[in-house]
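Worksheet: the structure to be examined is printed underneath.
Here, each number is a calculation from the coordinates, and none is a lab measurement. These numbers were taken from a predicted model, which means no experiment stands behind them. Ideal geometry is used to build each Cβ from the backbone, glycine not excepted, and the neighbour counts take in all protein chains shown.
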Amino acid sequence: MSNDFKITCIKRIRNYNGFRQLWSYLIFYIAPTIKKKKPSNIVVIRDDNLLRLWEMYQIKIKESFGVEYIVLKDEDDKKLIMFYNLQLLEQVIFKQENMDLLNEYGYSNDMSISECLLLLKTKFQTECCPHEIGIFLGYPIKDVKTYISCPYKTCLMTGYWKVYHNVEQATATFNEYDSARNNMMKAVLEGKTIDEVICSA
């Protein structure tokens with residue numbers, strides 16, 4: 001997504017009212033998850049109006065988007081929310097090489113996905129950003145491990161995550177995420193309804 005298009009989207013979202021403003025804002029950040037291209041996305045809501053709208057419409061958002069969510073951190077002035085596709089998240093969490101790393105951070109193979117998410121939420125109460133969050137967000141295990149062990153190492157490229165290995169694959173993934181986001185936001189800007197946007201290519 002180009003910077004010009006991002007600016008256009010943000011300006012338009014600010015001019016919307018009510019439910020439309022909330023769902024447009026969320027789509028801007030979690031389109032790849034809605035389109036089942038990414039297991040999860042995290043959104044921070046700070047704006048007082050959006051926080052009020054979230055309290056009013058969170059169940060409607062869940063039903064309209066066809067995703068699950070968990071509030072990882074709830075403070076007076078902001079909420080940190082993970083939106084996720086249950087099937088995709090289960091696939092990445094219980095992939096053996098990913099679970100091997102998660103085992104080092106207190107997760108176990110016999111935990112349910114709900115238990116894994118609750119443990120992650122517990123960690124967010126005392127940690128700014130738990131190291132294992134990259135697994136939940138669908139980042140490649142090699143890149144997650146490199147970032148954990150060498151956080152100041154120069155990466156090969158930066159996009160949805162810091163890439164240390166396999167730039168070609170990362171570029172293809174970034175393009176796929178961007179395509180989902182661009183298509184949905186174009187539909188938003190065209191004034192389509194939430195259902196029409198969700199069904200956009």
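When each of the peptides 23-29, 82-88, 11-17, 140-146 is scored by how many other beta carbons lie within 10 Å of its residues on average, the order from highest to lowest is 23-29, 82-88, 140-146, 11-17. For the stretch 3-198, the residue among Ile10, Thr126, Tyr147 whose Cα projects farthest onto the positive side of the dipole built from Cβ charges is Ile10. Nearest 10 degrees is fine. How inclined is helix 167-189 to the longest principal axis of the chain, computing both from alpha carbons? So the inclination is approximately 20 degrees. Summing Lys and Arg as +1 and Asp and Glu as -1 over all other residues whose Cβ lies under 14 Å from the Cβ of Thr171 gives a net charge of -3. In this simple spin-label approximation, Asn103 and Asp4 carry label points 7 Å from Cα along the Cα→Cβ vector, and these lie 5.2 nm apart.
For the chain, the longest principal axis of the alpha carbon atoms and the long axis of helix 3-15 meet at an angle near 60°.
Once you have the Kirkwood Rh of the chain from its Cα pairs, apply Stokes-Einstein at 10 °C and 1.306 mPa s and quote D in µm²/s.
Details: Rh = 17.8 Å.
The calculation lands on 89 µm²/s.
For the chain, with the dipole built from +1 on Lys and Arg beta-carbon atoms and -1 on Asp and Glu ones, taken about the Cα centre, which of Gly138, Phe65, Leu86 lies farthest toward the positive end? Value computed over the given set: Phe65.
Based on Cβ point charges of +1 for Lys and Arg and -1 for Asp and Glu, what charge dipole magnitude is obtained for the chain about its Cα centre, in debye rounded to the nearest 20?
Numbers: 26 positive and 25 negative charges, 137 e Å.
Taking the Cα centre of the chain as origin, the dipole is about 660 debye.
Take every pair of alpha-carbon atoms less than 8 Å apart whose residues are at least six positions apart; their mean separation over the length of the chain yields a relative contact order of 23 percent.
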